[in-house]
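See structure below.
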């Protein structure tokens, strides 16, 4: 889970640039359907939120919800879009998704570091190294 979140956030700026360039170039040849681009933006935002919640909670059901938010609107729009417009739709989903990951990257990194540090100090500020039972015995006698 943490590796997935880490690499998704690290690669998000590059994916955003590629998607923006691809959609920008496609606007030269294909007239977009703005009503479907709005649907794509909503879908991309929902996928980004679902992935952030999955990484925060570790619950796989949010991954399934993200897949539903990504594919169901696309399948509904599929029959009404030309090939070029489908590519624009996917590009718009990716732009909003990648932008959402970039905006949430600091939060996601904090969640990951908070949830995965094995030697993190408890609330009283004293940390016991793993495998050091003597340290915990010594602390009990203080």
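Determine, from the Cβ-Cβ distance of residue 82 and residue 53 and an R0 of 35 Å, the FRET efficiency 1/(1 + (r/R0)^6), rounded to the nearest 0.05.
Values: r = 34 Å, r/R0 = 0.98.
Computed FRET efficiency for residue 82 and residue 53: 0.55.
Show me, bin by bin at 10 Å from 0, the whole-percent P(r) of segment 2-115 based on Cα pairs.
Reading upward from the zero bin: 15, 43, 29, 11, 1.
What ranking, highest mean first, results for peptides 11-24, 75-88 when packing means the other Cβ atoms within 10 Å averaged over each residue? If you can, show how the numbers build up before the last one.
Values: 11-24: 15.1, 75-88: 13.5.
So the order, starting with the most tightly packed, is 11-24, 75-88.
Could you grab the Rg to Rh ratio for segment 58-110? Cα atoms only, Kirkwood for Rh. If you can, show how the numbers build up before the last one.
Working: Rg = 13.7 Å, Rh = 12.7 Å.
The Rg/Rh ratio comes out at 1.08.
No lab work stands behind these numbers, since they all come straight from the coordinates. Given the structure is predicted, the values throughout are model-derived calculations rather than measurements. Ideal geometry is used to build each Cβ from the backbone, glycine not excepted, and the neighbour counts take in all protein chains shown.
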